[in-house]
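Asks: Could you have a look at this structure, given as structure tokens, before my questions?
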Amino acid sequence: MRARAARFVTSAADPAQFPPATLPEIAFAGRSNVGKSSLINALTGVASLARTSRTPGRTRLLNWFWVTTPRGTPVHFVDLPGYGYADVPLAVRDAWRPLIEAFLAQRSELRAVVLLFDIRRGAGDEEIDFAAWLAARGIPLVTVVTKADKVAKNKRKPLAAAIKRDLGLAREPILVSTQEGEGLDEVWRALQAVEDR
Ligand code: GTP
Ligand code: MG
């Protein structure tokens, strides 16, 4: 499964620049360098749609993408700036939280947040807080473990199970490797389930 079409719409550095909420929105959130932009590219099948980088903190703006899902429904994917990168200037770090909170609190068409975890790091305090913040606001959460290819196959499930336990999730996070193409159909199915609710 992959998107039928995808293109960049716009970027925003602050809420005044957010575009009108004209389509259902799926936001991608997680630590800097966890693989948010790579996942968007893999789901859409457009390799250079969202900019990726080895340098953490690549995506500092919110980026909107217009995506036609495999079923033909138009939605917006929103690539959120990553958190937790120590080398980001303090001013940028301080601006992150209000910006993300403004987005999550304001968007009338927000259908779900896809929260990503690096398989080698698991769930930290930021992810636990973030998941609780979403739950308190009734925002549906889809969890994904990225870079599955970085650990041996038999270690992957137990690491996903540990994240489920640490966050008290109803379901295990989806194991994804954009390198191996693993888990992408499952992410699309989870997004369709959100859409059908
Ligand atoms: P920020 O924009 O800085 O918040 O990062 P991001 O979460 O968008 O991460 P990005 O997609 O730019 O990926 C960061 C690095 O991880 C890049 O070098 C990617 O190639 C690599 N990466 C992403 N997904 C995978 C994966 O599934 N497997 C492996 N091995 N590397 C991955
Ligand atoms: Mg990025």
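Asks: In the range 12-39, what count of residues is obtained for those that are more than 8 Å from ligand 1 (Cβ to nearest atom), closer than 22 Å to residue 139 by Cβ and not aromatic (Phe, Trp, Tyr)?
Replies: 14
Asks: While we're looking at this one, here's another question. Quick one: in the range 4-57, of everything that is of a type in the set (Val, Ile, Thr) and over 16 Å from the mean Cα position of the chain (by Cα), which residue is modelled with the lowest pLDDT?
Replies: 55
Asks: Now a separate question. So which residues in the range 163-193 are in a helix (DSSP H, G or I) and either surrounded by fewer than 16 Cβ atoms within 10 Å (Cβ to Cβ) or basic (Lys, Arg) (or both), if there are any at all?
Replies: Across the range 163-193, the qualifying residues are 164, 165, 166, 185, 186, 189, 192, 193.
The values are calculated or read from the model by the stated rules, or taken from the named source; none is laboratory data. Quick caveat, the model's predicted, so the values are computed rather than measured. We place every Cβ from the backbone using ideal geometry, glycine too, and count neighbours over all the protein chains shown.
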